[in-house]
Amino acid sequence: WDRCQMLSIKGINTTVGQEQQASMQEKQVLDDLEMPHARREMETLFQEQPETGNQYLEDTLLQSYLKTHLPPKVLEEVHQDLERFGNRLLTKIQPLSWECELNPPMFRQYDAWGWRVDHIHTCSAWRRMKEISAEEGLIAEAYERRYSNWSRLYQAVKLYLFSSSSGGFNCPLAMTDGAAKVIESLGIPGSLKNAFDRLTSRDPEKFWTSGQWMTERRGGSDVANGTETVARKQPDGTYCLYGFKWFTSAADSDVALTLARIVDAEGQCTQGSRGLSLFFLRVRDEEGKLNSIQVQRLKDKLGTRQMATAELWLQGARAELISAEGRGVAAISNMLNITRIHNVIGAVASMRRMISLSRDYARKRVAFGKLLKDHPLHMQTIAQMEVQVRGAFLLLMEIVRLLGLAETNLASEQDQLLLRLLIPVAKLYTGKQASAVAVEAMESFGGQGYMEDTGLPVILRDTLVLSIWEGTTNILSLDVLRSLAKSQGQVMTAFLSTVEKKLELASGTEELSPGVQQAQEAIGSLRQFMAAMGSEQALTMELAARDFSYSLARIYTGRAKTGMTDPWNGLGALLMEHAARPDASSTDICAALRWCNQELCPVAVEAGRGSYRAGAALQDSALVFGNS
């Protein structure tokens, strides 16, 4: 049958008298089919692999931002280092990233003779990433403060470039940065001086990474009610920890910060957040033995498979109390701010990576007789994603700029209030943005986007966790409401004042006037909503929390598009400010205006529709459980 099919392909007729001719033609068919693909006339059916070059040199938005904001001498030094780093990423670090994906960590609980060893094996590429992180000063840069208030921004830029090529090592770096920040905020006590020096070291032989062990079986974000681990004080002043940690990312780290409840003389513990204290511990002793810790298993995760995430039993782990007793939650607030900013960095980096690959693919892939870049609808889709990442990038830069001011005592009270509000807003919003962009960008590669060996599914999987890590969207939306309540509305005053100043700057640019007008109308709608909500019950505001947080993100940086919970909605005060620069390009202006085309304050629209009215919560429950 196969022979007949091959003959029919060539239209061969095997009637009597033509057997010899058919035999010759059949032989030619067989020879053709056996020829290597490279020798057959099928080259145009093969697709070229999308590639990127030096990530820094290809990122014109990043370069224009640094040129606008950095002092000239700082810019000169930073530019040279980032160009060098971009080359290192391309030639040395990206190959290591793929090795980390192909060689995930392995757990060996027992040795050949039955002794328990609890050994987590990581590949050489993962260990090399740790060395590179030290060499590049990816943590050190923020704490050396060579460039004063610009040091934190410079560190964030290097992490932004590194993130998508890090093979998942951006996660332990986030926790390491958070631990260093906590220790610094405590005044670097003598007992933690060595740890701080190692966490911020540029020497690969000395550099430590830190874990962040907060999640237990009963709770994730609800640490106040979910933490069961207890701490018993020892005669030498240290503590022994007993408990079970459900998620411990980067379980191969050198040290960790963790929460526990101190047991008093009567054997009792204070419940709730007031009973939580913060502890520092070494994961292993000088001989490499675990610190009275047993590894239960490694987690089988959807993504971030390059990193070892484990379940750990603490069975008398020696630890040092580093917060005031019962002030553990307050002590980790600095850490959470840092790790949430790292989450934003990862989100923006993943979006930029996917769009860069999509753009390069559009220049190479031919469909329906022409390159993808010559199909208007395809280019419109990529352009929408490009506007998306531009807004997210500028929001990231705004946050790290404010953090740099705060860390060098240069921040005004308004700067500090704005930072408190923008960190949870940016984290929740960019986490959603990144997932949406990753899915859309994957589609731009057609079926190839779904193939594991292209590496594209890795980016998608690793991106999906960004709306979960460091607090889900709803948890952070409620945190935004808490910031309003604790500051008695001062954070919103700072927010509105800052937006209005940025719009005032943009109003001097004629091309931006339509966007400025829409922005001002959105601010008016937001003010009206807040005035109306002032007398409402807490439940009503809780129902509005997500839309309210989205509105803040959209008014500050986001882009408009239909859909109440669509993360691709919003406006661009930051984009408008960037487009109002004297040397702004037409692309900057186009991006800013595209942010302002549609609904900018969805929370006000949904309030007008009655989405938060009395009884809405009961209706939601009825819809969810009505068919159960």
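Tabulated values for the structure
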item: Accessible surface, per residue, of the chain when the full set of protein chains is kept, probe 1.4 Å, Å²; result: 46
item: For the stretch 60-200, radius of gyration divided by Kirkwood radius, i.e. Rg to Rh on alpha-carbons; result: 1.06
item: Residues with amide H under 5 Å from that of Ser323, placed H, sequence gap 5 or more; result: Leu278
item: Phe247 long-range amide H proximity, modeled H, under 5 Å; result: Thr215
item: log₁₀ of I(q)/I(0) at q = 0.11 Å⁻¹ - the stretch 363-508, Debye sum with one point per alpha carbon; result: -0.59
item: Charge-dipole axis of the chain as Lys and Arg at +1 and Asp and Glu at -1 on Cβ define it, positive-most pick from Ala532, Leu321, Leu199; result: Leu321
item: Under 26 Å from the Cα of Lys193 - lysines, other chains or at least 8 residues apart; result: Lys130, Lys158, Lys181, Lys206, Lys233, Lys289
item: Under the Karplus curve 6.51 cos²θ - 1.76 cosθ + 1.60, θ = phi - 60°, whole-Hz ³J(HN,Hα) for the stretch 463-468, x wherever Gly or Pro sits; result: 6, 4, 6, 5, 8, 10
item: Expected-Rg normalisation [2.2 N^0.38 Å, Cα atoms] applied to the chain; result: 1.10
item: Phi to ³J(HN,Hα) by Karplus 6.51 cos²θ - 1.76 cosθ + 1.60 over the stretch 100-108, Hz, x for Gly, Pro; result: 4, 5, 6, 10, x, x, 10, 10, 10
item: Hull-based mean projected area of the stretch 332-373, where the convex hull spans the alpha carbons, in square nanometres; result: 3.0
item: With Cα atoms, 0 to 90° folded angle of helix 72-88 axis to the chain main axis; result: 50
item: Virtual spin-label span in nm between Cys269 and Lys233, 7 Å along Cα→Cβ; result: 1.7
item: In order through the stretch 117-122: 3J(HN,Hα) via Karplus (6.51 cos²θ - 1.76 cosθ + 1.60), integer Hz, x for Gly, Pro; result: 10, 6, 9, 9, 9, 10
item: Mean-position separation - Cα centroids, the stretch 44-73 and the stretch 532-546, in angstrom; result: 43
item: Glu76 versus Asp222: modelled label distance in nm, points set 7 Å from Cα along the beta carbon direction; result: 5.8
item: Over the chain: helical MRE at 222 nm, DSSP H runs n ≥ 4 each giving -39500 (n - 2.57), nearest 500; result: -17000 deg cm²/dmol
item: Accessible-area ranking of Met379, Met397, largest first, probe 1.4 Å; result: Met379, Met397
item: Rounded to 10°, Cα long-axis angle of helix 170-185 versus longest principal axis of the chain; result: 20
item: Pair-distance profile P(r), taking every C-alpha pair of the stretch 210-328, with 10 angstrom steps and integer %; result: 14, 49, 30, 7, 1
item: Cα-derived Rg to Rh of the stretch 282-428, Kirkwood definition; result: 1.14
item: Projected area averaged over orientations for the stretch 397-455, convex hull of C-alpha atoms, nm²; result: 5.4
item: Overall Cα dimensions of the stretch 39-109 - principal axes, largest extent first, Å; result: 55, 53, 16
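The values are calculated or read from the model by the stated rules, or taken from the named source; none is laboratory data. All figures in this text were calculated on a predicted structure; none of them were measured in a lab. Reconstructed Cβ throughout: ideal geometry from the backbone, glycine too, with neighbour counts over all protein chains shown. To get the accessible areas, we keep the full protein, side chains included, count just its heavy atoms, and leave off ligands, DNA and RNA. Shrake-Rupley method; radii C 1.70, N 1.55, O 1.52, S 1.80 Å.
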